Each structure stands twice: as C-alpha cells, then as structure tokens.
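The values are calculated or read from the model by the stated rules, or taken from the named source; none is laboratory data. Predicted model only: the values in this text are computed from it and were never measured. Using ideal geometry, Cβ is built from the backbone for each residue, glycine included, and neighbour counts are taken over all protein chains shown.
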Amino acid sequence: MIDGLLCCFQYSDLELAINSLVTEFHQAAGNEPAMGPAQFQSMISNQLPRFAKSVDSEDGLSLVLQQMGVQKGDNISFESFWALINKEAIQVFSTVYKEKSVRCGCLLQ
C-alpha cells in the first residue's frame, strides 16, 4: 500500500533542488565524505557557472574556502559546502528583494 502511494507523490521544486545539490556534491566527491579543491572547482564550474568566476583563480578559491571555514590543505565536507550554499542563497535573496520592508530572517548566516 505504501509503495503505491509513493509512486504518485510529487516532489516540490525546493525538494528537487535540495536533492540535486546533495547528489551533485556526492558525485563530485566520488562517494567520499569530502572532496579536494580540484574536485570542488570542477563541480562549481559544471553546476554553478555564475559562481565559478569566484573560484577560477588560486586567490579566489582560497577566499571561498576561507569563507566556508575550510583550512588550506583540508578537504571540503558537505557541511562546508552547505554553508556556502546558505551564504549564496542569502545573497540572492538580498539581490532579488532589495525592498527595505523585506528582510531575510535566516539565523544560519
């Protein structure tokens, strides 16, 4: 009975986007719990081309890794990647809704 209900269930755009982020991270990491900087740059170039300009140079990559809380030489965990996605989402929100009456009250900044 439950299997029959699941086949009819429609995922929301948000659920599909989250699934996509999780799937792409783990594919880029090669089924490891974290990825190296080269894997990270490749994933960003392929999946977030607008943001890819930020990590094209060594200095840009270092800055982004620092903002994610990743120390030089460390791999990028999913948690660090998610922190980056959160930061980008807040920036997009701020850009799209510049009206003073609308503010993002996200506590995850």
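Quick look at the values:
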item	result
So Pro37, is it surrounded by fewer than 16 Cβ atoms within 10 Å (Cβ to Cβ) and either at pLDDT 90 or above or more than 13 Å from the chain's Cα centre (by Cα) (or both)	no
Odd one out for Cys106, checked against (1) out of contact with any strand residue (DSSP E or B) (no Cβ under 7 Å at 6 or more places or on another chain); (2) in a loop (DSSP other than H, G, I, E, B); (3) modelled with pLDDT of 90 or more	(3)
Complete set of residues in the stretch 37-67 that are of a type in the set (A, V, I, L, M, F, W, C) and assigned to a loop (DSSP other than H, G, I, E, B)	Leu48
Hey, Ile90 surrounded by 12 or more Cβ atoms within 10 Å (Cβ to Cβ) and either in contact with a Leu (Cβ under 7 Å, 6 or more places away or on another chain) or part of a loop (DSSP other than H, G, I, E, B) (or both) or not	no
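Residue-wise test of (1) under 16 Å from the mean Cα position of the chain (by Cα); (2) at pLDDT 90 or above; (3) not basic (Lys, Arg).
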| site | (1), (2), (3) |
| --- | --- |
| Gly4 | no, no, yes |
| Cys7 | no, no, yes |
| Leu21 | yes, yes, yes |
| Glu24 | yes, yes, yes |
| Pro49 | yes, no, yes |
| Ala52 | yes, no, yes |
| Leu65 | yes, yes, yes |
| Ile76 | yes, yes, yes |
